[in-house]
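Asks: Handing you a structure now.
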C-alpha cells in the first residue's frame with residue numbers, strides 16, 4: 001500500500017502538513033511538497049518542467065492525499081496548476097486508488113469549502129480515483145481516517 005501526500009502549501013510543516021499527519025497517523029507515507037518542483041502552467045513549454053516526475057509518483061500511489069491551503073477563496077495555485085496540467089498527459093480513467101482532500105484556511109466560508117470539494121470530486125471522477133472525502137480541520141481528518149482510510153487500506 002503506497003500512500004502519497006501531495007502538499008500544496010509553501011510551508012512544508014504548516015497546517016496542511018499537520019492535517020496530513022492527523023489523517024495518516026500510524027501509516028507510512030511519502031510527502032511530495034509541490035514547492036520543491038517546477039511545474040509550469042498549462043500551455044507553457046519551458047525547460048526544467050518536472051511534471052513527469054510528479055505524475056510518476058502520483059500514478060504509483062494506491063492512496064493519494066492532496067492538501068491545499070485555502071488562498072483567495074479557493075485551492076492554492078500550486079495544486080490548481082497541478083490539476084490543470086493533468087489535462088492532456090493523463091488519460092481519463094487512467095488512475096486507480098483512493099483520493100482524500102485536505103483543505104484548510106482561516107475562517108473559510110461554506111461556499112469556499114464546497115467549491116474545493118466539488119473540484120476534487122470532479123478530478124477524482126475524471127481520472128478514475130475513488131473520492132473518499134475532505135477534511136478541513138484535525139477533528140475531521142481523524143474522523144475521516146477512522147471511517148475511510150483504515151477500512152480502505154485494509155481492504156486493498
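The values are calculated or read from the model by the stated rules, or taken from the named source; none is laboratory data. As the structure is a prediction and not an experimental result, all values here were calculated from the model. Positions of Cβ are backbone-derived with ideal geometry, glycine not excepted, and every protein chain shown enters the neighbour counts.
Asks: Any idea which residue in the stretch 54-85 is farthest from residue 9 (Cα to Cα), counting only those that are at pLDDT 95 or above and out of contact with any strand residue (DSSP E or B) (no Cβ under 9 Å at 6 or more places or on another chain)?
Replies: 56
Asks: If you don't mind, another one. Would you confirm, using the coordinates I've provided, whether residue 50 is more than 14 Å from the chain's Cα centre (by Cα) and modelled with pLDDT of 95 or more?
Replies: Yes; evaluated as a whole, the condition is true for this residue.
Asks: Going by what's in this entry, would residue 4 be described as touching a residue at least 24 places away in the same chain (Cβ under 8 Å), in a strand (DSSP E or B) and surrounded by fewer than 21 Cβ atoms within 10 Å (Cβ to Cβ)?
Replies: Yes; evaluated as a whole, the condition is true for this residue.
Asks: Next question, about the same structure. When you go through 149, 99 one by one, which is the residue that is surrounded by 13 or more Cβ atoms within 10 Å (Cβ to Cβ), at pLDDT 95 or above and either closer than 18 Å to residue 60 by Cα or touching a helix residue (DSSP H, G or I) at 6+ places or on another chain (Cβ under 6 Å) (or both)?
Replies: Selected residue: 99, the only one of 149, 99 that is surrounded by 13 or more Cβ atoms within 10 Å (Cβ to Cβ), at pLDDT 95 or above and either closer than 18 Å to residue 60 by Cα or touching a helix residue (DSSP H, G or I) at 6+ places or on another chain (Cβ under 6 Å) (or both).
Asks: To continue, here is another question. Being surrounded by fewer than 17 Cβ atoms within 10 Å (Cβ to Cβ) and part of a loop (DSSP other than H, G, I, E, B) is the filter here, so list the residues in the stretch 13-28 that pass it.
Replies: Matches in the stretch 13-28: 13, 14, 25, 26, 27, 28.
Asks: Turning to a different aspect of this structure: Conditions: (1) under 14 Å from the mean Cα position of the chain (by Cα); (2) within 22 Å of residue 125 (Cα to Cα); (3) touching a residue at least 24 places away in the same chain (Cβ under 8 Å). Residue 9 meets all but one. Number of the miss?
Replies: With respect to (1) under 14 Å from the mean Cα position of the chain (by Cα); (2) within 22 Å of residue 125 (Cα to Cα); (3) touching a residue at least 24 places away in the same chain (Cβ under 8 Å), residue 9 is out only on (2).
Asks: Hey, another quick one. What are the pairs with Cβ atoms under 6 angstrom where one residue, in the stretch 108-128, is touching a residue at least 40 places away in the same chain (Cβ under 8 Å) and at negative phi and the other, located anywhere, is surrounded by 17 or more Cβ atoms within 10 Å (Cβ to Cβ) and in a helix (DSSP H, G or I)? Sequence gap at least six, or different chains.
Replies: These pairs meet every condition: 123/83.
Asks: Could you list all residues from the stretch 33-55 that are outside any loop (DSSP other than H, G, I, E, B) and surrounded by 17 or more Cβ atoms within 10 Å (Cβ to Cβ)?
Replies: Listed by number, the residues that qualify are 33, 34, 51, 54, 55.
Asks: Which of the following residues is part of a strand (DSSP E or B) and under 14 Å from the mean Cα position of the chain (by Cα): 66, 58?
Replies: Result: 66 is the single residue among 66, 58 that is part of a strand (DSSP E or B) and under 14 Å from the mean Cα position of the chain (by Cα).
Asks: State yes or no: is residue 95 on the phi < 0 side of the Ramachandran plot, without any contact (Cβ under 8 Å) to a residue 12 or more places away in the chain and not in a helix (DSSP H, G or I)?
Replies: No.
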